[in-house]
Structures are given as C-alpha cells and as structure tokens.
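Throughout, read-outs are computed from the coordinates displayed, never taken from laboratory work. Worth saying up front: this structure is predicted, and the values here are computed from it rather than measured. Glycine also receives a Cβ, built like all others from the backbone with ideal geometry; neighbour counts cover every protein chain displayed.
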Amino acid sequence: MNFSETTLPLSVSSIEAFTVSKRETNNANNKIREVIIQCILEDTIPYNFYEECSKWQELKQSTHDFIEKLVNHQPYDIIKVQPKGGRKYNYDFDFYIYYNKNLISTHRIELKFNTKSIRGCPQFLSIGGQKMKSCLSKPFDVYFYKNHLTNIFQHLGKPIPSLETYTTQIHQTSPECMREVKEKYKTDKSFCQICKQESAKAITNYIQETELNVNNLNSYLQETQRDKVYMMWYKGKFYMEEIKTTNYIIVSVVKTKNSYQCYTQTGKTLIVLLRWKNGNGVAYPALQISESSKKL
C-alpha cells in the first residue's frame with residue numbers, strides 16, 4: 001500500500017491553523033490542519049515543536065485521545081494516514097491502525113473545525129456537477145442559463161457563452177466562460193448586487209418548479225456517509241461522531257425559498273440548500289446538505 005507523503009512545510013506557528021480565523025483563510029488552514037493531523041499520527045512532527053509550544057502538546061494529546069476512542073481502547077502501535085480530500089472523495093482520510101504489524105482496523109475520517117457535533121456544521125456534504133443533476137428533476141445550470149444568465153451578461157456588455165460551453169464549465173470553481181463576470185463581481189458593487197438578485201430569483205423559482213429525486217439522493221447519502229467517522233475540533237479538543245446511515249433516509253420534503261427541507265425516517269431534518277459556491281450566479285452551483293435541530 002502506498003501512502004502519499006505530505007509536501008506542505010510546517011513550522012511551529014502552523015499550530016495557529018487550529019485557531020478560529022477569517023473566512024477567506026479557512027481553505028488554506030484546512031489543508032494545514034489535515035497535514036498536521038497526518039504528521040502527528042505518523043510521528044513526523046519535529047520534537048522541538050512540542051518543546052517550544054504547549055499548543056502542539058495539547059493537540060497531540062487530543063489527537064491520540066481521539067484514536068483511543070476510535071479503536072475502543074484496544075491496543076495499537078502504528079497508524080498510517082491516507083489523505084482522501086478533494087472532489088473525488090467525500091471524506092478527508094483513511095486511518096489504517098496496526099498492532100504487531102497486523103492491520104486491525106480501517107476508518108474513513110472527515111475532519112471538521114470549530115464544531116463538536118454534525119448539527120453545528122454549515123454542511124456535512126456538498127453535491128455538485130453530475131451528481132447534483134441526478135438529485136434534481138431538471139438541471140439547474142440549464143434553467144439558470146435560459147432564464148437568468150442573459151440579464152447578467154447584458155449588464156456586463158458581453159454576449160453570453162453557448163449553452164454547451166456554459167454547462168460544461170460552470171461546475172468548476174473558476175469557469176473560463178465566466179471569468180469577466182467573476183472579475184466584475186469582485187470589483188463592481190452594483191454589478192455584484194445584480195448577480196445576487198438574479199441568483200436569488202433563480203433559486204426561489206427553480207425550487208418551486210422542481211422536485212428532489214429522493215431515491216437518488218438517498219442512494220448518494222448512503223454511499224458517501226457509510227462507515228464515516230467525524231473528527232471534530234472544538235475549543236482545544238477533538239470530538240467523535242459516527243454516522244448511522246439510517247438517519248439519512250428521506251421520507252418527505254417541504255420546499256422553502258432556497259432549500260428543500262427533508263425529513264428522514266428516524267425523525268431528523270436535513271436542509272438541502274441550493275447555492276453557488278464561488279459567487280452568486282457566477283460559478284459552481286451545488287446542493288449544500290446540513291442537519292438541522294428541527295424534528296419532524
């Protein structure tokens with residue numbers, strides 16, 4: 001088995017990635033946090049980090065406390081970490097736990113920051129691209145193109161791209177066909193407001209006109225959440241939550257202006273929010289799924 005080596009250099013100050021920071025730095029800090037966890041578990045953190053900063057000692061202790069709970073306090077001696085982040089996967093790591101050179105368990109781990117419960121997360125799953133299309137009764141990208149994109153490009157003073165170009169590129173973080181729109185969105189407040197207005201109208205109208213494909217969404221939830229364990233960092237400590245896929249079988253749906261509010265067979269409420277991940281009306285439409293405290 002080949003385990004990828006970390007390439008992100010760490011310093012003593014890297015520990016600050018585990019401090020709540022501004023939203024715009026969160027993605028970069030997420031990557032640092034993932035690398036730190038891997039290095040702690042594979043024992044590749046320089047010893048002087050622990051000597052120079054007590055936060056490193058506390059993080060190491062909490063990380064191994066989490067592992068103790070994960071393996072139910074069974075003996076182990078080696079941990080190998082396989083990073084699994086990115087769009088291809090819906091979790092962050094595979095943890096391989098060994099004892100006396102024997103693999104005793106494997107765990108699919110998702111790292112979350114600044115929460116101690118799934119209910120505290122803005123999302124536990126994001127669905128975009130073809131998977132998103134399979135969960136809806138008609139494609140949102142085509143709907144937006146035909147009903148709202150023209151107005152945005154008229155204010156830009158440019159012709160709109162072809163439907164094929166748009167639907168091929170729009171599910172990327174920085175689609176080339178929307179490059180000028182994205183630039184103006186960032187620098188022109190009035191244009192940004194126009195994009196936001198078109199986005200809000202499109203999402204509300206689209207939801208009223210469409211349905212969730214509940215069977216496909218249920219299948220995807222079972223596939224992506226199966227055997228997943230959440231490793232959640234909150235105020236200096238890791239918390240663990242294991243997923244029960246029976247909690248994610250949707251039986252009924254109620255629409256709101258920007259989401260499908262879904263009720264599961266175990267009485268949980270899932271919020272399936274339709275949103276843009278990289279600028280309203282600009283790039284990367286997706287379904288953002290979170291768990292609500294509301295009950296059926």
Taking R0 as 30 Å and r as the Cβ-Cβ distance between K138 and Q197, the FRET efficiency 1/(1 + (r/R0)^6), rounded to the nearest 0.05, comes to 0.85
So the angle from the long Cα axis of helix 214-225 to the longest Cα principal axis of the chain, reported in degrees to the nearest 10, equals 30 degrees
Debye calc, one equal point scatterer per Cα of the chain, no solvent, log10 I(q)/I(0) at q = 0.12, 0.13, 0.16 1/Å comes to -0.89, -1.01, -1.27
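Set the Förster radius R0 to 41 Å, insert the Cβ-Cβ distance between Y99 and S292 as r into 1/(1 + (r/R0)^6), and round the FRET efficiency to 0.05.
Values: r = 40 Å, r/R0 = 0.98.
Working from the Cβ atoms, E equals 0.55.
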Inter-part gap, Cα centre of the range 194-238 to Cα centre of the range 21-37, in whole angstrom, is 22 Å
Between I243 and residues 5 or more places away or on another chain, the pairs with built amide H atoms under 5 Å apart involve K228, Y230
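Note the full-extension length gain between I249 and K186 as 0.36 nm times their separation in residues minus their Cα-Cα distance, in nm to one decimal. It would help to have the intermediate numbers written out before the result.
Values: separation 63, 0.36 × 63 = 22.68 nm, distance 3.95 nm.
Going from the current span to full extension adds 18.7 nm.
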Of all C-alpha pairs within the range 217-296, those more than 14 angstrom apart amount in percent to 69 percent
Two pseudo-spin positions, 7 Å from Cα along C-beta at T106 and at K237, lie apart in nanometres by 3.2 nm
Largest fluctuation, Y47, Y234, Y166 only, Gaussian network model of the chain with Cα springs under 10 angstrom, belongs to Y47
In this structure, among K201/K268; K138/K158; K60/K186; K31/K116; K189/K228, pairs with alpha-carbon gaps over 31 Å are K60/K186; K189/K228
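What value, in deg cm²/dmol to 500, does the helix sum -39500 (n - 2.57) over DSSP H runs of n ≥ 4 give at 222 nm once divided by the residues of the chain? Intermediate results must be reported in sequence, preceding the final value.
Values: 10 runs with 106 residues, N = 296.
Rounded to the nearest 500, the figure is -10500 deg cm²/dmol.
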Length gained if T168 through E51 is fully extended, taking 0.36 nm per residue and subtracting the Cα-Cα distance, is 37.0 nm
With bins of 10 Å, the percent of all Cα-Cα pairs of the range 29-121 per bin from 0 is 14, 46, 34, 6
The ³J(HN,Hα) series, computed from each phi in the range 247-255 with the Karplus coefficients 6.51, -1.76 and 1.60 at θ = phi - 60°, rounded to the nearest Hz and given as x for glycine or proline, is 6, 10, 10, 6, 10, 8, 9, 10, 8
Expected unfolding gain across K88-K146 under the 0.36 nm per residue rule, minus the alpha-carbon gap, is 17.9 nm
